[in-house]
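*Asks:* Quick one: the structure is below, and I'll ask about it shortly.
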Amino acid sequence: MKLISALGLTQGFQSMVTHLFMQTKNFKQIFLWPIILGLLTMIGLVVALLKDDLLENISLLGLVIPIVVITYFYCIKKQ
Amino acid sequence: MYIKSIKTWAWVHKWSSLVSTLFMLLLCLTGLPLIFSHEISHLLGNEVEAPDLPATTKLASMDSILANAKALYPSRVVQFVFRDIDEDKTWTVSLGKTATSEDDTKFVMLDSRTAKVLDEPKFNEGFMYVMFKLHVDLFAGFPGMLFLGLMGVLLIVAIISGVVLYAPFMRRLAFGEIRKDRAPKLKRLDTHNFLGVVTLVWALVVGLTGVINAWSDLVIKYWQFDQMSSMIAPYKGLPPPTHYASLQASVDAAQAREPDKRLGFIAFPGTDFSSPHHYGMFMRGDSPITSRLFKPVLIDAETAKLTDSRELPWYLATLLISQPLHFGDYGGMTLKIIWLILDLITIVVLWTGLMLWWKKRKQHVPDIETKIRLNEAY
């Protein structure tokens, strides 16, 4: 990789090469984050429906986290 | 074998999405203002508030509330008396041409303590009404509802097939990676996959509960056939009542039967939620969930005596619980804003999906295997 950078190749090409070298992910690796976020969403939706107190507000966090994740990856993180 | 099944899933995803996308975009757009319908009508000044009176002020008799509403439209038939879940200062009376007619219904809002007429809200006109009708039945009544329900089923199919396809496209990508510096189509693809998978459960829940709501008329018809008919069986064949007992006495009888619940709405004789001989008193609890689960108490409209009251069957309970999960109206402003953001994200998912198809429809379309390989080569 250092060699490629040293040769002054574009960042795009670099990431292209990174992808070719990246190991294929297995099922667990692909779906770990989607499943965690899905469970958080589910807990948030259901607990807020059952409870009408502090727990409701905590459970709403479960719904906010996916939005935070989107903001982080889409707007903040440098790809 | 693997590639063949991926091909099938890709076909399912493409067609279930294409058929339903435009309707889903419409539902997402019309749903946006509906999330805030309460706030919007408040802002537009369409909502009249009851004056503040000392908390000890006694409630007016339901009979005088009813009489004052009827006095405005003496030739009409009272259909329902209802109010919002968090409202206790007013009642709204709906008056139709007949007990079941749905067009040109008049609404009269009265103060629950003084029985004075406060307002005549127009629920069946204006911007919010148009949004509501487009969202619920496309102005096409019952067939429109069933049609949108079918589109909802396609959405669910599209979501599930989309999750299956997520795997092959993510084999060499990190979670949340958006290739912004590559070709626009790759950015679009990554955006579609990422936003779609993160909002997956919410979209499934809202889609599924939307489908359940689309069948609400059928569910209610079945409830009438299944439960109401046996509750009112002793009254079968009797001529309609010639006089009606006091509404307040009827409300009291229902309250005595369910002392821990509050009156949610009253269905008048002849409507879909009562019989020609009964007031249907629908009692609700206090928690977010029990306040949705109306318990019907049937009161004889001639004698103000209890006829029957039964627990809700599972299918009606499912319908009533699916409503808040679709509307997002059970967690205050926080939940409404979450609903708004997730709705907007869903619009992006629908739009990027549509664009992915549109941009390449004229190109030579490689099969899904090549597409995955191309995706990984970048």
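The values are calculated or read from the model by the stated rules, or taken from the named source; none is laboratory data. Note that the coordinates shown come from a computational prediction; the quantities given were computed from them, not determined experimentally. So basically every Cβ, Gly included, is an ideal-geometry build from the backbone, and we count neighbours across all protein chains shown.
*Asks:* Only one of B:L66, B:L22, B:L26, B:L53 is within 22 Å of the chain's Cα centre (by Cα) and either over 30 Å from B:A167 (Cβ atoms) or not in a helix (DSSP H, G or I) (or both). Can you tell me which?
*Replies:* Numbers: B:L66 fails: within 22 Å of the chain's Cα centre (by Cα); B:L22 fails: either over 30 Å from B:A167 (Cβ atoms) or not in a helix (DSSP H, G or I) (or both); B:L53 fails: within 22 Å of the chain's Cα centre (by Cα).
The match here is B:L26.
*Asks:* Which residue out of B:L306, B:L316, B:L325 is surrounded by fewer than 20 Cβ atoms within 10 Å (Cβ to Cβ) and either in contact (Cβ under 8 Å) with a residue 12 or more places away in the chain or not aliphatic (A, V, I, L, M) (or both)?
*Replies:* Residue meeting the stated conditions: B:L306.
*Asks:* Being under 27 Å from B:G331 (Cα atoms), aromatic (F, W, Y) and loosely packed, with under 13 Cβ neighbours inside 10 Å is the filter here, so list the residues in segment A:22-79 that pass it.
*Replies:* Result: A:Y72, single match.
*Asks:* Looking at segment B:182-192, is at least one residue in contact (Cβ under 8 Å) with a residue 40 or more places away in the chain, more than 13 Å from chain A (Cβ to nearest Cβ) and in contact with a His (Cβ under 6 Å, 6 or more places away or on another chain)?
*Replies:* The answer is no; no qualifying residue exists.
*Asks:* Turning to a different aspect of this structure: Among B:F139, B:F132, which is the only one that is touching a Lys or Arg at 6+ places or on another chain (Cβ under 9 Å), among the hydrophobic types (A, V, I, L, M, F, W, C), surrounded by fewer than 19 Cβ atoms within 10 Å (Cβ to Cβ) and modelled with pLDDT of 90 or more?
*Replies:* Of B:F139, B:F132, the one residue that is touching a Lys or Arg at 6+ places or on another chain (Cβ under 9 Å), among the hydrophobic types (A, V, I, L, M, F, W, C), surrounded by fewer than 19 Cβ atoms within 10 Å (Cβ to Cβ) and modelled with pLDDT of 90 or more is B:F139.
*Asks:* What are the residues in segment B:206-218 that are buried (at least 18 other Cβ atoms within 10 Å of the Cβ) and under 21 Å from B:I266 (Cβ atoms), if any?
*Replies:* None - no residue of segment B:206-218 is buried (at least 18 other Cβ atoms within 10 Å of the Cβ) and under 21 Å from B:I266 (Cβ atoms), so the list stays empty.
*Asks:* Follow-up. So, in segment B:296-315, exactly how many residues are in contact with an Asp or Glu (Cβ under 9 Å, 6 or more places away or on another chain), within 30 Å of B:L335 (Cα to Cα) and not in a loop (DSSP other than H, G, I, E, B)? Show your work before the answer.
*Replies:* Going residue by residue through segment B:296-315, those that are in contact with an Asp or Glu (Cβ under 9 Å, 6 or more places away or on another chain) are B:296-298, B:304, B:306-307, B:309, B:313, B:315.
Still in the running and within 30 Å of B:L335 (Cα to Cα): B:296, B:313, B:315.
Those still in the list that are not in a loop (DSSP other than H, G, I, E, B) too: B:296, B:315.
Final tally of qualifying residues: 2.
*Asks:* Which of the residues belonging to segment B:281-295 are without any contact (Cβ under 8 Å) to a residue 24 or more places away in the chain and assigned to a strand (DSSP E or B)?
*Replies:* Result: B:F282, single match.
*Asks:* Among the residues of segment B:147-178, write down those that are in a helix (DSSP H, G or I) and of a type in the set (F, W, Y). Steps first, please.
*Replies:* The initial filter retains those residues of segment B:147-178 that are in a helix (DSSP H, G or I), namely B:147-169.
Hits for segment B:147-178 are B:F147, B:Y166, B:F169.
*Asks:* What is the one condition in (1) touching a Phe, Trp or Tyr at 6+ places or on another chain (Cβ under 8 Å); (2) loosely packed, with under 15 Cβ neighbours inside 10 Å that B:G45 does not satisfy?
*Replies:* The failed condition is (1).
*Asks:* Tell me whether segment B:14-27 contains one or more residues that are over 24 Å from B:A301 (Cβ atoms) and among the basic types (K, R).
*Replies:* Scanning segment B:14-27 turns up at least one residue that is over 24 Å from B:A301 (Cβ atoms) and among the basic types (K, R).
*Asks:* Report yes if some residue within segment B:215-233 is in contact with a helix residue (DSSP H, G or I) (Cβ under 7 Å, 6 or more places away or on another chain), of a type outside the set (S, T, Y) and assigned to a loop (DSSP other than H, G, I, E, B); otherwise report no.
*Replies:* yes
*Asks:* Here's something else I'd like to know. Output the number of the condition that B:V349 fails; it satisfies all remaining conditions of (1) free of Cβ contacts under 8 Å to residues at least 60 places away in the same chain; (2) at negative phi; (3) within 14 Å of another protein chain (Cβ to nearest Cβ).
*Replies:* Single failed check for B:V349: (1).
*Asks:* Ok, one more. Name the residues in segment B:316-349 that are in a helix (DSSP H, G or I), hydroxyl-bearing (S, T, Y) and closer than 28 Å to A:D53 by Cα, would you?
*Replies:* B:T318, B:S322, B:T334
*Asks:* Give me the residue from segment B:286-343 that is within 23 Å of B:S216 (Cβ to Cβ) and among the polar types (S, T, N, Q) and, out of that set, nearest to the other protein chains (Cβ to nearest Cβ).
*Replies:* Once the filter is applied, the top-ranked residue is B:S287.
*Asks:* Among the residues of segment B:337-358, write down those that are more than 17 Å from B:G207 (Cα to Cα) and under 18 Å from the mean Cα position of the chain (by Cα).
*Replies:* B:I337
*Asks:* Within segment B:196-234, track down each residue that is hydroxyl-bearing (S, T, Y), in contact (Cβ under 8 Å) with a residue 40 or more places away in the chain and away from chain A (no Cβ under 14 Å). Quick ask: steps written out before the conclusion?
*Replies:* Step one: filter segment B:196-234 for residues hydroxyl-bearing (S, T, Y), giving B:199, B:209, B:216, B:222, B:229-230.
Checking which are in contact (Cβ under 8 Å) with a residue 40 or more places away in the chain leaves us with B:199, B:209, B:216, B:222.
If the condition is that a residue be hydroxyl-bearing (S, T, Y), in contact (Cβ under 8 Å) with a residue 40 or more places away in the chain and away from chain A (no Cβ under 14 Å), then B:S216, B:Y222 are the ones that fit.
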